[in-house]
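Trainee: I have a structure here, written as structure tokens, and I will follow up with some questions on it.
The values are calculated or read from the model by the stated rules, or taken from the named source; none is laboratory data. Remember, predicted model here, so these are calculated numbers, not experimental data. Note that each Cβ is placed from the backbone with ideal geometry, even for glycine, and that neighbours are counted across all protein chains shown.
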Ligand code: SF4
């Protein structure tokens with residue numbers, strides 16, 4: 001007698017695991033609705049910010065998120081990190097500390113928090129992140145005028161206050177801090193910009209410094225990537241902890257056993273992706289991916305655009 005096909009779990013708050021440049025295979029947790037953020041970065045790959053805010057609240061239910069994580073972990077798929085990321089700034093969620101603690105109780109898989117760092121000057125946020133395994137905050141500048149130009153933040157935020165928050169967090173946090181420097185062509189890519197940040201970075205004392213540039217289609221067309229040579233020059237200025245984060249390409253194995261079309265759409269909904277990204281995530285062939293993408297484009301669900309020398313697909 002034929003066995004009924006196993007229903008794929010439908011997750012409201014999780015996506016992936018997706019290949020991540022820094023975190024291997026990362027199970028993403030999306031705890032803030034699209035797109036609530038304290039910033040509206042010119043380089044944001046999620047488009048412009050719908051709700052610019054520093055208001056912390058329980059945007060999504062802690063219990064529901066933890067139940068989904070429990071189910072995903074029980075599936076025994078490979079997960080290198082459980083990562084707070086997604087459609088907005090995760091530290092806006094007032095329950096992030098409880099979620100991190102809940103994950104710690106259920107699994108030994110490390111947790112990572114991708115944050116813009118804008119709320120780290122608040123002690124409640126620092127306390128909430130204290131049990132994370134890795135925190136990855138961003139730093140683009142220490143100049144207030146440039147801070148506003150790049151991040152277009154809510155008015156009350158001050159970059160030096162934020163930086164003091166990073167330093168305070170470093171003093172109390174026993175986990176890893178991987179500081180991301182986002183470099184934008186013609187904006188913060190000159191040697192004097194890096195020199196200006198260097199003493200602050202020394203005080204923050206991150207375990208790693210990740211150099212990044214505008215790799216995916218940005219919110220504003222004028223936010224352009226710098227070349228590999230520029231990143232190499234900056235890396236030389238920042239010492240041995242600094243690395244250029246290159247596109248991650250895991251071994252060619254498929255991940256997950258759900259409906260590939262659904263997993264394709266769930267990834268595209270979160271960020272612009274290339275065909276190569278989708279091959280890694282779904283385990284499908286190039287031809288199969290293209291067939292599904294063409295169908296989604298015909299339905300008007302997905303659009304494509306060129307950025308650099310790559311074609312990206314997004315909803
Ligand atoms: S890049 Fe991050 S911090 Fe900046 S607007 Fe987008 S989600 Fe917010």
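Trainee: Go through the stretch 37-48 residue by residue and tally those that are under 12 Å from residue 87 (Cα atoms) and near the ligand (Cβ under 6 Å from one of its atoms).
Mentor: Here is the first cut: in the stretch 37-48, the residues under 12 Å from residue 87 (Cα atoms) are 37, 44-48.
Pick out the ones that are also near the ligand (Cβ under 6 Å from one of its atoms) and you get 37, 44, 46.
Within the stretch 37-48, residues that are under 12 Å from residue 87 (Cα atoms) and near the ligand (Cβ under 6 Å from one of its atoms) number 3.
Trainee: Can you pull out every residue in the stretch 184-203 that is closer than 28 Å to residue 168 by Cβ, surrounded by fewer than 20 Cβ atoms within 10 Å (Cβ to Cβ) and either free of Cβ contacts under 8 Å to residues at least 24 places away in the same chain or touching a strand residue (DSSP E or B) at 6+ places or on another chain (Cβ under 7 Å) (or both)?
Mentor: 192, 199, 202
Trainee: Ok, one more. Looking at residue 51, is it within 16 Å of the ligand (Cβ to nearest atom), farther than 21 Å from residue 177 by Cα and buried (at least 20 other Cβ atoms within 10 Å of the Cβ)? Let's see the steps before the verdict.
Mentor: Details: within 16 Å of the ligand (Cβ to nearest atom): yes; farther than 21 Å from residue 177 by Cα: yes; buried (at least 20 other Cβ atoms within 10 Å of the Cβ): no.
No; evaluated as a whole, the condition is false for this residue.
Trainee: Residue under question is residue 83, and the condition is that it be more than 13 Å from the ligand (Cβ to nearest atom), under 19 Å from the mean Cα position of the chain (by Cα) and closer than 27 Å to residue 243 by Cα; does it hold? First the steps, then the outcome.
Mentor: Numbers: more than 13 Å from the ligand (Cβ to nearest atom): yes; under 19 Å from the mean Cα position of the chain (by Cα): yes; closer than 27 Å to residue 243 by Cα: yes.
Spelling it out, residue 83 is indeed more than 13 Å from the ligand (Cβ to nearest atom), under 19 Å from the mean Cα position of the chain (by Cα) and closer than 27 Å to residue 243 by Cα.
Trainee: Of the residues 231, 136, 179, which is within 15 Å of residue 43 (Cβ to Cβ) and under 21 Å from the mean Cα position of the chain (by Cα)? Can you show your working first?
Mentor: Numbers: 136 fails: within 15 Å of residue 43 (Cβ to Cβ); 179 fails: within 15 Å of residue 43 (Cβ to Cβ).
Within the list 231, 136, 179, the selection yields 231.
Trainee: Assuming residue 38 fulfils every condition listed in (1) touching a helix residue (DSSP H, G or I) at 6+ places or on another chain (Cβ under 8 Å); (2) over 15 Å from residue 103 (Cβ atoms); (3) at pLDDT below 95 apart from one, which condition is it?
Mentor: (3) is the only condition that residue 38 fails.
Trainee: Let me ask another. Have a look at 124, 101 and point out the one that is touching a residue at least 60 places away in the same chain (Cβ under 8 Å), more than 13 Å from the ligand (Cβ to nearest atom) and part of a helix (DSSP H, G or I).
Mentor: Details: 101 fails: touching a residue at least 60 places away in the same chain (Cβ under 8 Å).
Criteria check complete, one pass: 124.
Trainee: Only one of these conditions is not met by residue 70: (1) away from the ligand (no atom under 16 Å from the Cβ); (2) in a loop (DSSP other than H, G, I, E, B); (3) within 22 Å of residue 101 (Cβ to Cβ). Which number is it?
Mentor: (2)
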